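Right, one structure below, let's go through it.
The values are calculated or read from the model by the stated rules, or taken from the named source; none is laboratory data. Everything numeric here is computed off the predicted structure, so don't read it as measured data. As a convention, Cβ positions derive from the backbone with ideal geometry for all residues, glycine included, and neighbour counts pool all protein chains shown.
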Amino acid sequence: MINICDMFDNKSILAFCQERDRIVYMNDYTKKLFLAANSVLEYIMENLKFKNSFDVLIKYDVFRIIKISMGERILILGFKISDLKEREATLRKERRFYERKVEEMMAFSDMLIHDMKNYIFMLDGYLTLLQEEGYRKLYISEMEKIIENMRLLVGRSSLLLRDTEEYVNKEKINLKKLLDEAVERVKRHAEEKSIRISTNYKNIYITTDPVILEAFINVLDNAIKYSPENSKVEIEVVPERTTIIIKVKDEGPGIPDDYKEEIFRRFRRRSTQHGMGLGLAVTKHLVEMNNGRIWIEDNKPKGAIFNIELPRK
């Protein structure tokens, strides 16, 4: 008995056509396949009384052989089962990936609608209160904060939906300038809680996409949000041989071990505060877009340390 396994090269699919008695396409492997398989297929077809069968599928060793007969034209295909199983597993994995994407988008839509409704409701309430004298300045200030939150919500949503490879535009950047800008962007939030931002870094250059600035802002904003008043948030840069680690330390309640990974999942909130759980999901997305990683450690005696590691080049 001829072993079909010995008749193939590394390709998993081989094909040829036979028209009348002439081989339209053939190489050494397909010729052997034809000689080994054709008689077997014809025997099966005869027993099953297929005269002009369109599709006959049989198992032969570790291969599947398909013969398609249309009049005097014959097509034989050889499929390596192991390769097909690998492709099937890949397709199943891709299917699960896109199913999760759909679930995330549905959750995203629900939370986006929920939060936008909350913001609109709050704005409507302040507009009503503006009719009263004496508190207009305060109400206008609160409305400005709500509008800023809505702007952040839209901005973070668009970043999270960006394609990983298509939009990455790396360039040589001074990390100190990026971090200084991030501090400036969260300065108002820190001042409202009398939180001091301590910095420990100098000029150092990395090759990354400038959009990584949003990741730094999100981590700083998160540290300020969950820190008590009159506390400190510290930024430290630790140079490694091929990477740079940016550490953001706070004096908040800390994060339980079983939540240190969960917190980066999309649309997860740490508390019942208003605002979508997009900040840290966006951060993880942007860091990974730039071939980096992010993780959380405990800050002794209390608080959390967010670590962002990025390649130097």
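Cβ-Cβ distances below 8 Å connect the following pairs, each with a first residue in region 199-211 that is under 20 Å from N169 (Cβ atoms), a second residue that is among the polar types (S, T, N, Q) and in a loop (DSSP other than H, G, I, E, B), and a separation of six or more residues or different chains: T208/N290; D209/N169; D209/N290; P210/N169. Scanning region 234-257 for residues that are over 14 Å from Y201 (Cβ atoms) and either surrounded by 15 or more Cβ atoms within 10 Å (Cβ to Cβ) or of a type in the set (A, V, I, L, M) (or both) yields a count of 6.
The residues of region 173-197 that are small (G, A, S) and farther than 15 Å from Y226 by Cα amount to a single one, A182. The single residue among P228, P210 that is part of a loop (DSSP other than H, G, I, E, B), under 15 Å from K302 (Cα atoms) and of a type outside the set (D, E, K, R) turns out to be P228. Only one entry of V219, V248 meets the criterion of being more than 30 Å from V102 (Cβ to Cβ) and either in contact with a strand residue (DSSP E or B) (Cβ under 9 Å, 6 or more places away or on another chain) or without any contact (Cβ under 8 Å) to a residue 60 or more places away in the chain (or both), and that entry is V248. Among the numbered conditions (1) surrounded by 13 or more Cβ atoms within 10 Å (Cβ to Cβ); (2) at pLDDT 85 or above, the only one that S194 does not meet is (1).
Filter region 83-118 for residues that are surrounded by 14 or more Cβ atoms within 10 Å (Cβ to Cβ) and at pLDDT 70 or above and give the result. The answer is M116, and nothing else.
Among the residues of region 281-313, the ones that are among the basic types (K, R) and more than 16 Å from the chain's Cα centre (by Cα) come to 4 in all.
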